[in-house]
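Data block below; observations after.
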Amino acid sequence: MTKKLAILCALLMFAGSLGVAASAPLTVTSPDGNLVVSVEVKSNPQPYLPGNRLYYRVDYQGAAILRDSPLGMDFIGAPPLDHDFQIAGSTRASQDNTWEDAFGARRVVPDHYNQLSVSLEETGALHRRLDVIFRAYNEGIAFRYSLPRQDNLQRFVLSSENTGFYFARNATAYESTSNRILNAYETQFFPVDVNEVKPAATAVLPMLVQLSGGPWLAILEADLRDYAGMYLGGVLGVPNALVSKLAPLPDEFYEKQFKLIYFNSAEAVRGATPAASPWRLILVSSQPGGLIEHDYLVKDLNPPSALPDISWIHPGKAAWSWWSGDYAADVNFKLGMNTATMNHYTDFAAEHHLQYLLIDAGWSARNDITRTIPEIDLPNIVEHAHACGIGVMLWLHWEQLKKQIDEALPVYEKWGIAGLKIDFMNRDDQEMVDFYYEMARKTAAHHLVVDWHGAYKPTGLERTYPNVLTMEAVQGMEYSKGSYLTTPEHDVTIPFTRMLAGPMDYTPGCFDNATKAQFKPREVQPMCQGTRAHQVAMYAVFLSPLEMLSDYPESYDNKPGMEFLEKAPTVWDETRAVNGEPGKYITLARRKSDTWYLGSMSNWEDRNLDIPLSFLGGGSYDAQTFADGADADTVATSLRISKTRVSARDTLHVHLASGGGFAAILSPAQ
């Protein structure tokens, strides 16, 4: 061997020892070939930060949708782990499975992806290691950080991630900003230029984004466990760019002194290696409705059910006295938090084939959730409900439940309680996220289903603990009692934004429908904005395995539209997005067994819609339709019910009034 050849061989061996840092970008492609993720360590010019950093970019159908976007982690008491990297190795994997979801928008869920795991090592003195795992699905891409066990990084305090989402061109984002003090995700989503998202913003997830010329994206997170919730802000000096932010841990001093929780701490996550972040998920579709059809990726990225037996978990609809404000007409007892009122709602639930009675705040003794107030005879209520085939759920403030959790849950199981509505958490810092998992695990051990209110958005916990039926995390109908916020425009925005994360307890069912001019907020016997058909359609459009009928019983008696509320399931075998545009209108079709339930909703604009029925199977179907009446623009309760016979070749031509809607039940012709 010549001296030159020996030197060349030595250089090649040295380059090999550094992994593939100097090679072409690593890529992973979705099974259908439409999405390509490219991963590379390199030094980029300004406005990027200096140093060899890890970047990822994404192409969709041959065109860039995300340009070089940085990845990394910042620590307290240690240097950031975001630059001076070399790639130490990579591995690949793939999966093509399905699993069954008994509590979602589709029964058989695909889990089909190609995976690339990239192992990084610092070139500096510490030589800390970081793995980043990328998955490419047909419906989107996901990635997460993984910190292996290592001597130079055993325990850590994370302040932030440097996770960038740098769009390849101009884009519109549907922004919903939290104040980060007490955050229950009960805000509205407004379209803004991505460049208008301020660096100081704390925009909540999901964030819907439309790139100029397409496609549509949605940024979410999945498998949020023992970690802090993620938000988004703009990037100073970088156009069309967003960066992650983490909910910091609460400041102990302020919490103790003022009984308020201020996020003043710079600490976000306390942990020890090995550790992993949640998945950062980007759904991609040429049409916004496609994102709704593919929201199952949030659950795919979570562990399978931890419960060996789920036969005791029952989805369904609930009667609920809180929203109407203790109002009822033509009853011979005093309305309120008392036994007679709860039994009255139970009778209504039984008559209309509901599954639950929800007893809201005020039933328990002060500072003791194992005792009731004198006006509530809970054994009587539970016995009456069980005789009617109805399960009883109890409302609880999370702080009191946390204090008495191990004492209260066995008591509720002994009482025969079916589930809990847990409220007012209003946080998604690491401590609160841990509380959710503790509660999901412990309630399941006592055969209790859960409805989270005052909650953060779903991240797929309900796959691992399917006793978690639903979560609020939405500006729902309760806002009609004291504001003008829950408008039809809002109603047709949240299916494309908040609902992408998972089940959404909006609490529909208002039958005191009002036009824009007629509506006035009121606490007792509240009204709602939009037509009766608009409200009825929510039971096909909004996803929630536990759904409320929020009005008082007499408001439903013999009223047009009640039949749809009574018949509509709350979990589905298949979901199709027929048409729609965020903030304007939406049409969804959902199938249970061989029957389809269709819902269309409009903003304050009246519109004519063509609804193709190509999603139907073969043969003819009997369609029972619930449409805005001819005078629904001025009489919002006006509803026209009719029947017709249709097939997959047909198109329904429907008119939606201002704030209007349309619903249909399509069953195989007899």
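The values are calculated or read from the model by the stated rules, or taken from the named source; none is laboratory data. The structure displayed is predicted, hence computed values, not measured ones. Reconstructed Cβ throughout: ideal geometry from the backbone, glycine too, with neighbour counts over all protein chains shown.
How many residues does the stretch 110-130 hold that are farther than 23 Å from residue 32 by Cβ and under 27 Å from the mean Cα position of the chain (by Cα)? Full working, then the answer.
Filtering the stretch 110-130 for residues farther than 23 Å from residue 32 by Cβ gives 119-130.
Now restrict to residues that are under 27 Å from the mean Cα position of the chain (by Cα): none.
Going through the stretch 110-130 one residue at a time, the tally reaches 0.
Within the stretch 596-648, can you find the residues that are acidic (Asp, Glu) and either touching a strand residue (DSSP E or B) at 6+ places or on another chain (Cβ under 9 Å) or farther than 23 Å from residue 511 by Cβ (or both)? Even if it seems obvious, please write down each step before you answer.
Applying the first criterion (acidic (Asp, Glu)) to the stretch 596-648 yields 605-606, 610, 622, 628, 631, 633.
Once the filter is applied, which keeps residues that are acidic (Asp, Glu) and either touching a strand residue (DSSP E or B) at 6+ places or on another chain (Cβ under 9 Å) or farther than 23 Å from residue 511 by Cβ (or both), the stretch 596-648 yields 605, 606, 610, 622, 628.
If residue 346 satisfies every condition in (1) within 25 Å of residue 434 (Cα to Cα); (2) assigned to a helix (DSSP H, G or I); (3) hydroxyl-bearing (Ser, Thr, Tyr) but one, which is the exception?
(1)
Can you pull out the residues in the stretch 569-606 that are out of contact with any helix residue (DSSP H, G or I) (no Cβ under 8 Å at 6 or more places or on another chain), among the aromatic types (Phe, Trp, Tyr) and part of a strand (DSSP E or B)?
Hits for the stretch 569-606 are 585, 596.
Which condition from (1) in contact (Cβ under 8 Å) with a residue 24 or more places away in the chain; (2) within 14 Å of residue 465 (Cα to Cα) is the one that residue 280 breaks?
Residue 280 satisfies all of (1) in contact (Cβ under 8 Å) with a residue 24 or more places away in the chain; (2) within 14 Å of residue 465 (Cα to Cα) except (2).
Which of the residues that make up the stretch 264-302 are polar (S, T, N, Q) and over 19 Å from residue 461 (Cα atoms)? Explain how you work it out, then say what you get.
Applying the first criterion (polar (S, T, N, Q)) to the stretch 264-302 yields 264-265, 273, 277, 285-287, 302.
If the condition is that a residue be polar (S, T, N, Q) and over 19 Å from residue 461 (Cα atoms), then 264, 265, 273, 285, 286, 287 are the ones that fit.
Residue-wise test of (1) in contact with a Cys (Cβ under 8 Å, 6 or more places away or on another chain); (2) among the acidic types (Asp, Glu); (3) assigned to a strand (DSSP E or B); (4) more than 30 Å from residue 155 (Cα to Cα).
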position	(1), (2), (3), (4)
38	no, no, yes, yes
44	no, no, no, yes
58	no, no, yes, yes
68	no, yes, yes, yes
74	no, yes, yes, no
77	no, no, no, no
88	no, no, yes, no
92	no, no, yes, no
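Residues 399, 431, 383: which one is assigned to a helix (DSSP H, G or I) and over 21 Å from residue 184 (Cα atoms)? Walk me through it before giving the result.
Working: 399 fails: over 21 Å from residue 184 (Cα atoms); 431 fails: over 21 Å from residue 184 (Cα atoms).
Result of the check over 399, 431, 383: 383.
For the stretch 130-177, which positions are of a type in the set (D, E, K, R) and in contact with a Leu (Cβ under 9 Å, 6 or more places away or on another chain)?
The initial filter retains those residues of the stretch 130-177 that are of a type in the set (D, E, K, R), namely 131, 135, 139, 144, 149, 151, 155, 161, 169, 175.
Hits for the stretch 130-177 are 131, 135, 139, 144, 161, 169, 175.
Of the numbered conditions (1) touching a Ser or Thr at 6+ places or on another chain (Cβ under 6 Å); (2) part of a loop (DSSP other than H, G, I, E, B), residue 480 satisfies every one except a single condition; which is it?
Failing condition for residue 480: (2).
What is the residue count in the stretch 183-219 for residues that are of a type in the set (Val, Ile, Thr) and either part of a strand (DSSP E or B) or under 20 Å from residue 300 (Cβ atoms) (or both)?
Step one: list which residues in the stretch 183-219 are of a type in the set (Val, Ile, Thr), which gives 187, 192, 194, 197, 202, 204, 209, 219.
From what's left, either part of a strand (DSSP E or B) or under 20 Å from residue 300 (Cβ atoms) (or both): 192, 209, 219.
Of the residues in that region, 3 qualify.
Of everything in the stretch 220-260, what is in a loop (DSSP other than H, G, I, E, B), at pLDDT below 95 and among the acidic types (Asp, Glu)? Give them in sequence order.
251 - this is the single residue of the stretch 220-260 that is in a loop (DSSP other than H, G, I, E, B), at pLDDT below 95 and among the acidic types (Asp, Glu).
If you go through the stretch 23-41 one residue at a time, do you hit one that is closer than 27 Å to residue 269 by Cα, surrounded by 18 or more Cβ atoms within 10 Å (Cβ to Cβ) and of a type in the set (Val, Ile, Thr)?
Yes, the stretch 23-41 has at least one match.
Which of the following residues is aromatic (Phe, Trp, Tyr) and surrounded by 24 or more Cβ atoms within 10 Å (Cβ to Cβ): 436, 479? Break it down stepwise before answering.
On the way: 479 fails: surrounded by 24 or more Cβ atoms within 10 Å (Cβ to Cβ).
Of 436, 479, the one residue that is aromatic (Phe, Trp, Tyr) and surrounded by 24 or more Cβ atoms within 10 Å (Cβ to Cβ) is 436.
So, of the residues in the stretch 316-343 that are buried (at least 22 other Cβ atoms within 10 Å of the Cβ) and of a type outside the set (Phe, Trp, Tyr), which turns out to be farthest from residue 372 (Cα to Cα)?
Of the residues in the stretch 316-343, the ones buried (at least 22 other Cβ atoms within 10 Å of the Cβ) are 317-321, 323-324, 341-342.
After this cut, where a residue has to be of a type outside the set (Phe, Trp, Tyr) as well, the list is 317-319, 321, 324, 341-342.
On the way: 317: 25, 318: 21, 319: 20, 321: 17, 324: 22, 341: 15, 342: 14 Å.
Among residues in the stretch 316-343 that are buried (at least 22 other Cβ atoms within 10 Å of the Cβ) and of a type outside the set (Phe, Trp, Tyr), the one farthest from residue 372 (Cα to Cα) is 317.
Quick check on this structure: which one of 616, 639, 656 is surrounded by 14 or more Cβ atoms within 10 Å (Cβ to Cβ), over 10 Å from residue 533 (Cβ atoms) and not small (Gly, Ala, Ser)?
From the options 616, 639, 656, the qualifying one is 616.
Checking the structure you have, find out if any residue of the stretch 285-298 is closer than 30 Å to residue 146 by Cβ, in a strand (DSSP E or B) and of a type outside the set (Phe, Trp, Tyr).
Yes, some residue in the stretch 285-298 is closer than 30 Å to residue 146 by Cβ, in a strand (DSSP E or B) and of a type outside the set (Phe, Trp, Tyr).
Within the stretch 127-159, count every residue that is surrounded by fewer than 21 Cβ atoms within 10 Å (Cβ to Cβ) and of a type in the set (Gly, Ala, Ser).
2
Looking only at the stretch 446-490, count every residue that is among the aromatic types (Phe, Trp, Tyr) and without any contact (Cβ under 8 Å) to a residue 60 or more places away in the chain and tell me the total. Let's see the steps before the verdict.
Just the residues of the stretch 446-490 that are among the aromatic types (Phe, Trp, Tyr), to begin with: 452, 456, 465, 479, 484.
Still in the running and without any contact (Cβ under 8 Å) to a residue 60 or more places away in the chain: 452, 484.
Number satisfying all stated conditions: 2.
Only one of (1) hydrophobic (A, V, I, L, M, F, W, C); (2) more than 30 Å from residue 191 (Cα to Cα); (3) surrounded by fewer than 22 Cβ atoms within 10 Å (Cβ to Cβ) is not met by residue 564, so which one is it?
All conditions pass for residue 564, except number (3).
Determine, yes or no, whether residue 485 is surrounded by fewer than 24 Cβ atoms within 10 Å (Cβ to Cβ) and modelled with pLDDT of 95 or more.
Numbers: surrounded by fewer than 24 Cβ atoms within 10 Å (Cβ to Cβ): yes; modelled with pLDDT of 95 or more: yes.
Judged against the criteria, residue 485 is a match.
Being within 21 Å of residue 430 (Cβ to Cβ) and of a type in the set (Ser, Thr, Tyr) is the filter; apply it to the stretch 165-211 and report the residue that is surrounded by the fewest Cβ atoms within 10 Å (Cβ to Cβ).
Of the residues in the stretch 165-211, the ones within 21 Å of residue 430 (Cβ to Cβ) are 178-185, 202-206.
Filter once more, so that each one left must be of a type in the set (Ser, Thr, Tyr): 178, 185, 202.
Values: 178: 20, 185: 22, 202: 17.
In this case the residue turns out to be 202.
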